[in-house]
Amino acid sequence: MLFCDCVQDYFRTYLMKQRGYGANTIGSYRDTFRLLLAYMGEAGLSMESLEMADVDRDFVTGFLCWLESSRGNSASTRNVRLAHIKSLASYVVTVSPEDAGTCAAIRSIPSKRQVSSPPDALSREEVGCLLATPGTDTRKGLRESALLALLYDSACRAQELADMDVSSVTTGRTCHARIDGKGNKGRTVPLLRETGELLSAYIESFGLQKTSPLFLNRSGHRLTRSGVSDVVERNWRLVKERHPEVAMHDSARPHILRHSKATHLVEAGVNIYHVRDFLGHESVTTTMVYLKHNLEKTREIVEAASDGLAKASTPFYTRDKKKELLSFLETLT
């Protein structure tokens, strides 16, 4: 089976129809195969006539090495690209059994070991400075204050925030936000009263309707993910200028606010399973990485889990019991 046909069927039939992946996930897979085609071009191969059997284990391994040597990709990025290619191989087996051997060889390529480290996070002081930077005296400041507060308070991703409509947030006595997450999985998260008040003031000031996108760009269109990044990065530069004694990070992107919120929740003692649901993770294993930020909290959780199981050690014999034993032994002589 031609490689180009395999890739097209994989995207149309599997990723889009069967899995129903969103635009961002599809974009990540697309980038992997764009890079693979670029590697083929450098190798002087013609994609039009390339068979799936030609994309064997050695070829894929060469591509992975190229990612690291020519593009400077990290082990983590390399492993993501490999996972995408393995996913293609798993699909091809179902539609082209004659390529099963090639696909099995690809799927046997091991991921590269990488050093596991907790996600980077801003301190509470850094977050406080960032959220206060835009101010609320101007319409622009009010808009950016509302955006930053919602981004941190809900721990949503940049694209999730960009996709929100006014109807996605509820303010008043109980404030919460409805987030459409990865893989079309929605979740509802609570918001602080202060965040709700900011959002209410912003929505009223800009005269937004329920069906309107929550955040618009200068052209009046829905704000994009890059637009969200611009707001965060621009205000962080101001934090560095105004509060150099607080700003310990050289730069800040939207996702660091998600990491920061998760880290602060764990530090506050929130149950790790509640944090998992708040972030929209499928597995608590993904969420557990935030415990690495706070070893003391990990210790507390471990001790709580084992409470009552391990008893404090005591001497096998008390002083009186020892005397009784010695007395008994003396009677034997």
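FYI, it's all coordinate maths here, none of it is from the lab. On a predicted model such as this, the values are computed, not experimentally measured, just so you know. Note: ideal-geometry Cβ built from the backbone for every residue, glycine included; neighbour counts use all protein chains shown.
Each part reduced to its alpha carbon centroid, the stretch 50-98 and the stretch 144-170 end up 36 Å apart.
Between S108 and H243, the FRET efficiency from the beta-carbon distance, with R0 = 45 Å, is close to 0.30.
Extension gain, K323 to S76, is 82.4 nm, computed as 0.36 nm per intervening residue step minus the present C-alpha separation. Structure note, pairs K17/K112; K86/K185; K140/K261: Cα-Cα distances above 29 angstrom occur for K17/K112. For Cα extents along the principal axes in Å, computed directly from the structure shown, the correct entry in (i) 64, 48, 38; (ii) 99, 65, 38; (iii) 56, 54, 39 is (ii).
The residues packed around L198, meaning those with a beta-carbon under 15 Å from its beta-carbon, carry a net charge of -2 if Lys and Arg are +1 and Asp and Glu are -1. Site pair N217 and A83 shows an inter-label distance of 2.9 nm when each label is modelled 7 Å from Cα along Cα→Cβ.
Between D31 and M47, full extension at 0.36 nm per residue minus the direct alpha carbon distance yields a gain of 4.1 nm. A cut-off of 5 Å between modelled amide H atoms, ignoring neighbours fewer than 5 places along the same chain, links N73 with E68. Positive contributions from Lys and Arg (+1) and negative ones from Asp and Glu (-1), summed over other residues with Cβ under 14 Å from the Cβ of D165, come out at 0. Judged by the mean number of other Cβ atoms found within 10 Å, the most tightly packed of the peptides 154-160, 324-330, 63-69, 201-207 leads the ranking 154-160, 63-69, 201-207, 324-330.
Using the average count of surrounding beta-carbon atoms within 10 Å as a protection proxy, the listed peptides 280-291, 260-271 rank, highest first, as 260-271, 280-291.
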